[in-house]
Amino acid sequence: MPLNGNSSHTAVIARRRENVGRLRLRGLSQREIITALTRVKDTDGSPDPIKASLGTVNRDLKVLESEWRANAARDIGVHIANQLAEIAEARRKCWQLEDMAGLARFLKLEADIRGTNAPVKQEITGAGGGPLVVKAFDYGAAVAQIATGSEPDSTTPGDGQGLLDGAAVRKNGHGG
């Protein structure tokens, strides 16, 4: 784009970087961006190509990625503030409408965002919410059973409750 009375050098760089950023977000490589910049059109659809070298596109991407990281870090606080303002407005409307279920939902959302929920107690239970049953396993007996090829009995693993259930053990000690 030629410099004229309406364009400053800064505006030319800003326009190029805007286009470089758009093209990068579409997944184009740096070389593909250079080619695509030559096909850029202005706001009325007229051809308005941008010429840039590989080095220029590379520098633009470094600047853009740095700006994107800074905006992401800065904008999370702004995003949270906006969410909290929207929740406050929704809570106000719930009070007006006497919608206690909606109010409770928004109070929970606010607590989730602020991180002010009480700790949640989590428990592991057995079948049907009953007690958790922990069974001891005699690994020594299991190894002996495998080594000797003996059949499981009520005192060794494989009694319907253990590791060797359904395992075929031959007399030579190999499964199969």
**Message:** I need the chymotrypsin sites (Phe, Trp or Tyr not before Pro) found in segment 53-119, filtered to DSSP loop residues with at most 13 other beta carbons within 10 Å of theirs.
**Reply:** none
**Message:** Starting from 0.36 nm per residue, how many nanometres of slack lie between residue 73 and residue 12 once their C-alpha separation is accounted for?
**Reply:** 19.2 nm
**Message:** If I take R0 = 41 Å and measure r between the Cβ atoms of residue 133 and residue 80 in this structure, what FRET efficiency does the formula 1/(1 + (r/R0)^6) give, to the nearest 0.05?
**Reply:** 0.35
**Item:** Qualifying trypsin sites (Lys or Arg not before Pro) in segment 1-85, DSSP loop, other Cβ atoms within 10 Å at most 10
**Value:** 26, 39, 51
**Prompt:** How much FRET efficiency would the formula 1/(1 + (r/R0)^6) give for residue 148 and residue 121, where r is the Cβ-Cβ distance and R0 is 41 Å, rounded to 0.05?
**Reply:** 0.30
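All of the numbers you see were taken from the coordinates with simple rules; none came from a lab. Computed from a prediction, not measured in an experiment: that's the story for all the values here. With ideal geometry, Cβ positions are generated from the backbone for all residues, glycine too; neighbour counts draw on all protein chains shown.
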